[in-house]
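Everything below concerns the one structure shown next.
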Ligand SMILES: [Zn+2]
C-alpha cells in the first residue's frame, strides 16, 4: 500500500497534459487540449484534456478520468502501478513497507533488465554480422521474416558455442550470479550459455524492456524445439505475452486482439500489417494473461491450428475465457495450416476476411464437447452439463435463444427441455452483475436541468459549493447519479478546501459522466441568480410533490394534523413563488 499523502503528492506533481502528450499528440484548444482519442478510432479529435481540472474526456467513446486512470486504461496498469510510474517520473520516492528489501529487489530488477538488454544486443548483432549465423539468417528468410521485423523485434542468434555470451557479458563487467538468476547461463560446476545454436526471440515487457527469451532450435535433432527463459525476478511466463509491447496501441485502436500460438505466427501477422496480435509463451493462455488483456479489450479472437493439440489447447482456453466473461471467438484455420503459413499464402486482406468467419465460443465449445463425449444419452447429458453454465451469464434473450436452437438441433433435444435444464442450472449459479464501466453514460439519461446545472457549477467553481450546501437541496435530487456526484464534490471540497475533479472522480461510480459534465461546464457562465433559481426550483418541485401526497391523504381521511401541514406548505410555496415574481 502507498500512503494516501504520497498518492496526493504524486498527483500534484504530475501534469496530465504532459503525461498524455507522451501517447497522444495534443493541440491547444481554448483552455483545453484536444487530440485523437487513443481509446477509439477517429479522424476528428474528440479527446479533450483539461490542464486546469487535470482530467480528460472523450466525447466520442465516453471514456474519462484523471492522470492515473489515463495510464491505467491506456497502458493496462493497475492503480498502484500507475502511481509508481508517475512517482518515478516526478522523482518522488515512495515509502513502502519493507523498504530495505524492496529497494534491493528494485535495484536487482533493474540490473537484470539491463543484463537482458545486453544479451539481446549480443544475439542480435551476432545474427546480423557473424558468418556462422548464416544458417539462422537463411532460416528466418525461409520463414519469410523481413529485415524490418528482425530489427524491430531484435531477433537474434545464439552461437553454437558454450561460453560466448558468458564471456561477452563478463567482459562488460556483468556479475555471473546475475546471469544465473536471469537464466542466461546454467550449469553446476562449469557455467555455460543456456541458449546455443538457436534463433532468439527477446521477450519484451509492456515498456519494451527485455525480460526474457524464447529460442528455437535450428537443427532437426536438437531438443526441445523451443526453449524459453526460466521465470525470474523480471519474467513470468504465465503473465507475459509475446509482442504485447508492440500490439498494445493497436489493440486499443482496433478494439480486438488476435491470439496465436507461437512467435512466428505473431511475427508473420505483424509482417503483413496485422498488428493487434499477441502469443502466449509456450504455454496455453493463462487466467493472468486474459485478465491482463481485458484491461485493453474484451474482444478476443483465438486463431489456432486445426490439429488435435491445437483444438485441445483451445478448449482449455475457452473455459477460462468464459469464466472471465470476455467476448471470445474462435478461428480454426484450414487443415494443416498455422496462422504463419496461412497469412504468408493469402495475404492480409484474405486473412482478415477469413477471420471474420470466426466461430462463436459457445458453438465451438458445443462442437468440441460433442466430439469429446459423443452423442449417447450419457454423452449428451455431459455435454449439457458442461455447456449450460456458460449460457447463464448471457443477458440478451435473442442471443440465448439462438444458442439454444443450435444446441437443440445438434443434440436432438427439444428446446423447452434445454430451457428447463438451463433454469435449474442457473438457479445454482448466481453471478454478480457484470461490472460496467460507467452505467450512467450507457443509460443516456435526460437529467433534470436544475440538478445538472448545480452539479456543473460545483465542478467548475468552488464559490458556489457553500451556497448550494446551505440551500439544503442535495437530498432532494431525483437523479441518483447527480446526487452522488454533488455529495462527493461537497465531501472533497470540505476535505481539501478546494474542488478537485480528479479526486471526486476516483470516488465516483460514474467517472465518465463526471468528466463529461465538467468539460461541458467550461462553456457555462454561472452567477448567483442562476444558482439561486436552480436551488429554488428543486425545492419547489419537492414541495409540490409533498403537497400532492398530502392532498391524496386528505382525500382519504380528514386529519387536522395533515391539514395543518398542508396549509403551511401551501403558504411556503406561495412565498417562494412570490419571491420569484419580484425577481
Ligand atoms: Zn474515444
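Annotations
- Any pair with Cβ under 9 angstrom, 6 or more apart, that starts in the stretch 25-49 at a residue that is at positive phi and ends at one that is more than 14 Å from the ligand (Cβ to nearest atom): 30/522
- Criterion violated by residue 145 - all others in (1) at pLDDT 90 or above; (2) under 30 Å from residue 41 (Cβ atoms); (3) part of a helix (DSSP H, G or I); (4) out of contact with any strand residue (DSSP E or B) (no Cβ under 7 Å at 6 or more places or on another chain) satisfied: (3)
- Test result for residue 372, farther than 25 Å from residue 292 by Cβ, out of contact with any strand residue (DSSP E or B) (no Cβ under 9 Å at 6 or more places or on another chain) and assigned by TED's automatic domain parsing to the domain that holds residue 304: no
- Listing of strands (runs of 3 or more DSSP E) fully contained in the stretch 16-85 that carry 1 or more residues being away from the ligand (no atom under 12 Å from the Cβ) and more than 25 Å from residue 499 (Cα to Cα): 27-29
- Hits in the stretch 240-257 (condition: in contact (Cβ under 8 Å) with a residue 40 or more places away in the chain and touching a helix residue (DSSP H, G or I) at 6+ places or on another chain (Cβ under 9 Å)): 240, 241, 242, 243, 244, 246, 248, 249, 251, 252, 257
- Residue in the stretch 385-392 that is part of a loop (DSSP other than H, G, I, E, B), at pLDDT 85 or above and surrounded by 16 or more Cβ atoms within 10 Å (Cβ to Cβ) present: no
- One residue alone among 77, 113 is modelled with pLDDT of 90 or more and either within 24 Å of the chain's Cα centre (by Cα) or closer than 16 Å to residue 206 by Cβ (or both), and that residue is 113.
- Filter result for the condition that a residue is more than 16 Å from the ligand (Cβ to nearest atom) and without any contact (Cβ under 8 Å) to a residue 60 or more places away in the chain, over 135, 109, 142, 89: 142
- Residue 335 meets each of the listed conditions (1) touching a residue at least 40 places away in the same chain (Cβ under 8 Å); (2) not in a helix (DSSP H, G or I) apart from (1).
- Pairs where the first residue, in the stretch 347-370, is over 12 Å from residue 315 (Cα atoms) and the second is modelled with pLDDT of 85 or more and in a loop (DSSP other than H, G, I, E, B), C-beta under 8 Å, 6+ apart: 347/272; 348/272; 348/273; 348/274; 351/272; 351/274; 352/274
- Residue 54 being at positive phi and over 18 Å from the mean Cα position of the chain (by Cα): yes
- Residue check for residue 369: modelled with pLDDT under 80 and either assigned to a helix (DSSP H, G or I) or within 30 Å of residue 217 (Cβ to Cβ) (or both): no
- So residue 312, is it in contact with a helix residue (DSSP H, G or I) (Cβ under 9 Å, 6 or more places away or on another chain) and surrounded by fewer than 19 Cβ atoms within 10 Å (Cβ to Cβ): yes
- Screening 249, 215 for residues that are buried (at least 24 other Cβ atoms within 10 Å of the Cβ) and not in a loop (DSSP other than H, G, I, E, B) leaves exactly one candidate, 215.
- The set of residues in the stretch 175-211 being assigned to a loop (DSSP other than H, G, I, E, B) and more than 37 Å from the chain's Cα centre (by Cα) consists of 175, 187, 188, 189, 190, 191, 196, 197.
The values are calculated or read from the model by the stated rules, or taken from the named source; none is laboratory data. On a predicted model such as this, the values are computed, not experimentally measured, just so you know. In this analysis, Cβ positions are derived from the backbone assuming ideal geometry, glycine residues included, and neighbour counts consider all displayed protein chains.
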